[in-house]
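A short reminder: the numbers here are calculations on the coordinates, not readings from a lab. All values derive from a computational prediction rather than experimental measurement. As a convention, Cβ positions derive from the backbone with ideal geometry for all residues, glycine included, and neighbour counts pool all protein chains shown.
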Amino acid sequence: MVVNGNGRFTPAHILNGTGVAVPYSLDITTTFTPPGGPTQTQTQTASKGGPHKGAVDCTIPFQSFSGPQGTFTIEGTAMGFITLALERRLSRRPLGHPLGGRRRGHRGT
């Protein structure tokens, strides 16, 4: 996934497809420990209204990154939903569907 923005609930584009992941709940904990210094912990919890039917609950596994400036960790959860591009949804509709459907001879995906 890739995010083109820096907003709290910026949608993420799925790289190998036409989908978009739209978050509506985040619970993230980060830490930073400089060499020889105390650990600084920050927890961010945010949510907005969103559909709860078809929700996708994602776990951000514990990850640790170390460098000369210190050690950074992140872990948490995100909840949201996935959308697909219209052309992909149309290709899955049967022939005769009111919003369009597969053309004859078109197998779709």
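For the reader, a short list of remarks on this structure follows.
- Projected label points at H13 and E75, each 7 Å from Cα along the beta carbon direction, are separated by 3.3 nanometres.
- P(r) tail fraction, the range 2-91 - alpha-carbon pairs more than 18 Å apart, %: 56
- Between V56 and T39, the modelled labels are 3.1 nm apart [label points 7 Å from Cα along Cα→Cβ].
- Available extension along the chain between T83 and K48 is 10.8 nm, counting 0.36 nm per residue and deducting the alpha carbon span.
- In plain terms, the chain from F65 to M1 could stretch by 21.0 nm, reckoned as 0.36 nm per residue minus the Cα-Cα distance.
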